[in-house]
Amino acid sequence: MEKTRAQWGSKIGFILAAAGSAVGLGNIWKFPGRAFEGGGGSFLLIYLLIVIFLGMPLMLTELAVGRASQSNVVGAFHALGHKGYSWVGWVGVLGAFVITCYYAHVGGWVLRYVFAYITDAPVIYADSLGYFYNMLGLHADGSTSFPWVAVLFAGIFMALNAFVIIRGVESGIERFNKIGMPALFILLLILLVRSVTLPGAEPGLRYMLSFDWGKVTFETVISALGQAFYSLSIGMAILITYGSYLSKSENIEKNTMLICAADTLVAMLAGFLVIPAVFATLGSDQVGKGGGFAFVSLAGVFEQMPGGQFFGILFYLLLLFAALTSCISLVEGIVAFLTEWFSWERKRATIGVCAVMFLIGCLYTCSQAAIPIKGVWLDAVNGVTFPAFCDFMEFLTDRLMIPVCALGCCIFVGWVWKPESVIAEVEQECVRFGLARVYRVLVKYVAPLAILTILIMSLVTGKTLS
Ligand code: TRP
């Protein structure tokens, strides 16, 4: 059955879609805290080096495999004549499935906060931590209840995703990104200007530009690497699907650089927006408070800035856009696989898989604070442990599936399909792959060794990748 595959309608459409996949909760919510922990400027430098030497070659690899095979994550390895490597695609699609389960729920919380800032800003200001936990079903008096508000909004978020996916690549994802991405960028710039001009923001700005090598440890490097992969959407084979919609006349090398640059720029903007703002309003001991950071600590920022409620709404709208475009890429990777592999009809596949992911994701939201659901984990230092189910889901993807899939891609391309095939795929219709020789070394030796080290380190020492 030969069907013509969907293609991106325009050059800018693809770049925006891929950048939309990359820019997500990872950049805006996770990155600033990590940069703070890693010593500000020194972390930024390490992060940049990792994006250039590992992120770019891996992204290029996934896009080239996708375009060469014109297939989904699993089918790609069959189409290129190496069925034995289709497990890489399976790990990717399963990982994307698990990520989406919780990604959509965190996206739902963000949607909740858009409305929360419209109606309840003074209530959030009065007790931002309490407000956050209340949403998750843990109340001030210590009692718990089913977190139906968070779950309801996660449902709406998932439905929004399904709606865009059902409308297809060209009309759905692309149009959405054409508006969403530039809007996001403009919103970030406005907030950045507001943030760095707050009185007291300067030490934060200086911190983000300082190089404190004393703060850099092996763990910082692991953290930067994990952050970079997650942020660039690498290691779930999702970009294979996006690459398969890419026309042969596109320059993959240039596109990769543009996407990586856009993603990194947004992360940096977010870092330079959040850290100085928090210094200005809460003091440096409040920076980097982990999971609740984007929901809890920023309340103090908005409270203390003129027009804070308005900026609060803008910020969560921005985060919502970013989360939606990323989540859409994850779901598209899964749906493309289901429709092509099992010949499922697109609409039914989308609705079915989104419903299941939403339900599994409920375990993530419920296990945050309201209901003690546990997972199981094993590592050499701690033995068998029973982490909260929400942590278990993140361990599964960040410590195991992302590095395994990324490693599989490197080994497949570096040693089986051969870097030459990627180079030939890039060099079509008079496009020259300028950095081909550097690429060959990176994908054959540097990237697999680096990823293997991370994988072993995280399983042996129990240190997390994300
Ligand atoms: N990159 C996104 C973020 O920063 C998350 C994401 C979307 C992702 N698609 C992915 C991560 C594929 C890994 C693989 O939030």
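The values are calculated or read from the model by the stated rules, or taken from the named source; none is laboratory data. All figures in this text were calculated on a predicted structure; none of them were measured in a lab. Every residue, glycine as well, gets a Cβ built from its backbone with ideal geometry; the counts of neighbours run over all protein chains shown. SASA here: full protein model, heavy atoms, side chains in, ligands and nucleic acids out. Shrake-Rupley method; radii C 1.70, N 1.55, O 1.52, S 1.80 Å.
With under 30 Å from LYS178 (Cβ atoms) and out of contact with any His (no Cβ under 7 Å at 6 or more places or on another chain) as the only criterion, which of ALA322, ALA380, ALA388 stands out?
Going through ALA322, ALA380, ALA388 in turn, just one is under 30 Å from LYS178 (Cβ atoms) and out of contact with any His (no Cβ under 7 Å at 6 or more places or on another chain): ALA322.
With the condition kept exactly as written, say whether any residue in region 394-403 is closer than 20 Å to GLU62 by Cβ, touching a Cys at 6+ places or on another chain (Cβ under 8 Å) and of a type outside the set (Phe, Trp, Tyr).
Within region 394-403 (the criterion being closer than 20 Å to GLU62 by Cβ, touching a Cys at 6+ places or on another chain (Cβ under 8 Å) and of a type outside the set (Phe, Trp, Tyr)), the answer is no, since none of the residues qualifies.
Pairs please, first residue from region 99-115 and within 16 Å of VAL353 (Cβ to Cβ) and at pLDDT 95 or above, second anywhere and among the β-branched types (Val, Ile, Thr) and more than 11 Å from the ligand (Cβ to nearest atom), Cβ atoms under 9 Å, 6+ apart in sequence or on different chains.
Listed by first residue and then by second, the contacts come to THR100/VAL353; CYS101/VAL356; CYS101/ILE360; HIS105/VAL151; HIS105/THR365.
Identify, please: which residue in region 11-44 is within 13 Å of the ligand (Cβ to nearest atom), aliphatic (A, V, I, L, M) and more than 16 Å from GLY107 (Cα to Cα) and is, among those, modelled with the lowest pLDDT?
ALA17
Quick check on my filter: what residues within region 228-267 are under 21 Å from ARG399 (Cα atoms) and either near the ligand (Cβ under 9 Å from one of its atoms) or assigned to a loop (DSSP other than H, G, I, E, B) (or both)?
Correct list: PHE229, TYR230, SER231, LEU232, SER233, ILE234, GLY235, MET236, ALA237, ILE238, LEU239.
Which condition does PHE211 not pass, out of (1) within 17 Å of SER326 (Cβ to Cβ); (2) exposed (fewer than 15 other Cβ atoms within 10 Å of the Cβ); (3) among the aromatic types (Phe, Trp, Tyr), if it passes all the others?
So PHE211 meets the others, but not (1).
Quick test of your reading of the structure: LEU80 fulfils all but one of (1) in contact (Cβ under 8 Å) with a residue 60 or more places away in the chain; (2) open to solvent by 10 Å² or more (accessible area, probe 1.4 Å); (3) closer than 25 Å to ARG348 by Cα. Name the failing condition by number.
Of everything listed in (1) in contact (Cβ under 8 Å) with a residue 60 or more places away in the chain; (2) open to solvent by 10 Å² or more (accessible area, probe 1.4 Å); (3) closer than 25 Å to ARG348 by Cα, LEU80 misses just condition (3).
Could you figure out which of (1) away from the ligand (no atom under 16 Å from the Cβ); (2) modelled with pLDDT of 90 or more; (3) crowded, with 18+ Cβ neighbours inside 10 Å; (4) closer than 24 Å to VAL221 by Cβ isn't true of CYS410?
Only one criterion is unmet by CYS410, namely (1).
Considering only residues of region 317-342 that are of a type outside the set (A, V, I, L, M, F, W, C) and either modelled with pLDDT of 90 or more or within 11 Å of the ligand (Cβ to nearest atom) (or both), which is surrounded by the fewest Cβ atoms within 10 Å (Cβ to Cβ)?
Per the stated criteria, the residue is THR339.
Are any residues in region 4-45 of a type in the set (D, E, K, R) and closer than 20 Å to ILE259 by Cβ, and if so, which ones?
Selection gives LYS11, LYS30.
With respect to the numbered conditions (1) within 15 Å of the ligand (Cβ to nearest atom); (2) within 19 Å of ILE411 (Cα to Cα); (3) open to solvent by 10 Å² or more (accessible area, probe 1.4 Å), which one is the sole condition not fulfilled by PHE97?
The failed condition is (2).
Looking at the structure I just gave you, is MET401 open to solvent by less than 10 Å² (accessible area, probe 1.4 Å) and either out of contact with any strand residue (DSSP E or B) (no Cβ under 9 Å at 6 or more places or on another chain) or under 26 Å from TRP148 (Cβ atoms) (or both)?
Criteria not met by MET401.
Residue-wise test of (1) among the aliphatic types (A, V, I, L, M); (2) closer than 24 Å to LEU136 by Cα.
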site: CYS362; (1), (2): no, yes
site: SER367; (1), (2): no, yes
site: LEU378; (1), (2): yes, no
site: ASP391; (1), (2): no, yes
site: GLU394; (1), (2): no, yes
site: CYS410; (1), (2): no, no
site: PRO419; (1), (2): no, no
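Given the options ILE52, ILE28, ILE46, name the one that is within 29 Å of SER244 (Cβ to Cβ), surrounded by fewer than 23 Cβ atoms within 10 Å (Cβ to Cβ) and of a type in the set (A, V, I, L, M).
Result of the check over ILE52, ILE28, ILE46: ILE52.
Which of the residues spanning region 45-74 are under 17 Å from SER210 (Cα atoms) and more than 14 Å from the ligand (Cβ to nearest atom)?
LEU45, ILE46, LEU48, LEU49
Is it true that ALA6 is more than 15 Å from the ligand (Cβ to nearest atom), touching a residue at least 24 places away in the same chain (Cβ under 8 Å), open to solvent by 40 Å² or more (accessible area, probe 1.4 Å) and among the small types (Gly, Ala, Ser)?
Considered against the rule, which asks whether it is more than 15 Å from the ligand (Cβ to nearest atom), touching a residue at least 24 places away in the same chain (Cβ under 8 Å), open to solvent by 40 Å² or more (accessible area, probe 1.4 Å) and among the small types (Gly, Ala, Ser), ALA6 comes out as yes.
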